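Remarks on the structure that follows.
The values are calculated or read from the model by the stated rules, or taken from the named source; none is laboratory data. Quick caveat, the model's predicted, so the values are computed rather than measured. Cβ placement follows ideal geometry from the backbone for every residue including glycine, while neighbour counts extend to all protein chains displayed.
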Amino acid sequence: MDCASRVLKEILADTGLCPATAAAGNKLMGKVATRTIRPTGLIHIRRGDEAAFLAHQDIRLLPGLGPSLLRTIAATGFREIGELAALGDGETLALFGRRGLLLRDTARGLDDSRVLHAGDGNGPGPIERRLDFEEDVIEFEVIRGALGYLAENAGIAMRREKLGAGKILLMASYADGVMEQGEERGKRLLILDREIGEAAERLYKWIVKRRIRIRDLTLSLGTCGPWDGNRICLCRRGTPGSGGYRKRRTPYGGGMG
């Protein structure tokens, strides 16, 4: 907690922003805990307290709940995460099918997925930044400002490691929990904040088609490669349908916690 508090103070001093932050034993708990306190604050969930913390939280805070699952949950009358966590295996399978056991374990705070760091695997890991809006927004000028902020923040971190981005991934979560995401690959590395911001804006216009407010945005810089610190990248980018883009819709829950 001391480390988390120190990092928050540094962010506030450097940017004037105070994000919602959680210290927890796994990624799932970090993600849910920040949703309970956003737009700002610091919370600590001790190991062993996961189920107790989740028990009386709104069930809609769980990641991975798409429209189909939300309809099923509404039919059961469940309102709190603890009601889902209390189900036995048979009841879970009958209500939710094969995916139900994973969902039930999520409601119990169980998550063994790894936290990946840059350098894990065969090369540098993605650089990801997420912005949760204080209130759901739909105004494009607000969205544009948020994309510019994410591009600058992620770009600074990327250039600090003397890297350039070969792929831009943007995720946008609607207020109703549905998430849209798409990616753009460049033939050369993207380096400048302006280039990253323009790519993010193009992706946003491409993936977001519904007239529903946006809850949060996540920008990820991937396929990073070394950059000598001097070359300016003038990238030629694809257009939707040319093979440079990919798009898919997934349930809410893919963002940074």
Checked Arg144, Arg130, Arg104 against criteria (touching a strand residue (DSSP E or B) at 6+ places or on another chain (Cβ under 6 Å) and either modelled with pLDDT of 85 or more or buried (at least 17 other Cβ atoms within 10 Å of the Cβ) (or both)); the one match is Arg130
In the range 13-55, anything surrounded by fewer than 15 Cβ atoms within 10 Å (Cβ to Cβ), modelled with pLDDT of 80 or more and either in contact with a helix residue (DSSP H, G or I) (Cβ under 6 Å, 6 or more places away or on another chain) or hydrophobic (A, V, I, L, M, F, W, C) (or both) is listed as Ala13, Ile37, Ala52
For the range 1-22, pairs from a residue that is on the phi < 0 side of the Ramachandran plot to a residue that is of a type in the set (D, E, K, R), with Cβ under 6 Å and 6 or more apart or across chains, are Ala20/Arg38
When Glu91 is run through (1) modelled with pLDDT of 90 or more; (2) in contact with a helix residue (DSSP H, G or I) (Cβ under 8 Å, 6 or more places away or on another chain); (3) of a type outside the set (Val, Ile, Thr), the failure sits at (2)
Being surrounded by fewer than 21 Cβ atoms within 10 Å (Cβ to Cβ) and within 14 Å of Leu219 (Cα to Cα) narrows Gly166, Gly182 down to just Gly166
Taking first residues from the range 40-52 that are of a type outside the set (D, E, K, R) and assigned to a loop (DSSP other than H, G, I, E, B) and second residues anywhere that are loosely packed, with under 14 Cβ neighbours inside 10 Å and modelled with pLDDT under 90, the pairs with Cβ under 9 Å that are 6 or more apart or on different chains are Thr40/Leu17; Thr40/Glu134
Going through the range 204-226 in order, the residues found to be over 18 Å from Asn153 (Cα atoms) and buried (at least 19 other Cβ atoms within 10 Å of the Cβ) are Ile207, Val208, Ile214, Arg215
Assigned by TED's automatic domain parsing to the domain that holds Leu103 and either among the aromatic types (Phe, Trp, Tyr) or assigned to a strand (DSSP E or B) (or both): is that true of Ile11 in this structure? no
**OP:** Could you please let me know if Glu83 is at pLDDT 90 or above, surrounded by 15 or more Cβ atoms within 10 Å (Cβ to Cβ) and in the same structural domain as Met29 (by TED's automatic domain parsing)?
**Re:** yes
Going through (1) part of a helix (DSSP H, G or I); (2) surrounded by 15 or more Cβ atoms within 10 Å (Cβ to Cβ) one by one, Arg71 fails only at (2)
Practice item. Taking Pro63 as the residue in question, decide whether it is outside any strand (DSSP E or B), modelled with pLDDT under 90 and under 17 Å from the mean Cα position of the chain (by Cα). Key: yes
Of the residues in the range 56-77, those that are over 22 Å from Met179 (Cβ atoms) and either in contact with a helix residue (DSSP H, G or I) (Cβ under 7 Å, 6 or more places away or on another chain) or in the same structural domain as Glu180 (by TED's automatic domain parsing) (or both) number 2
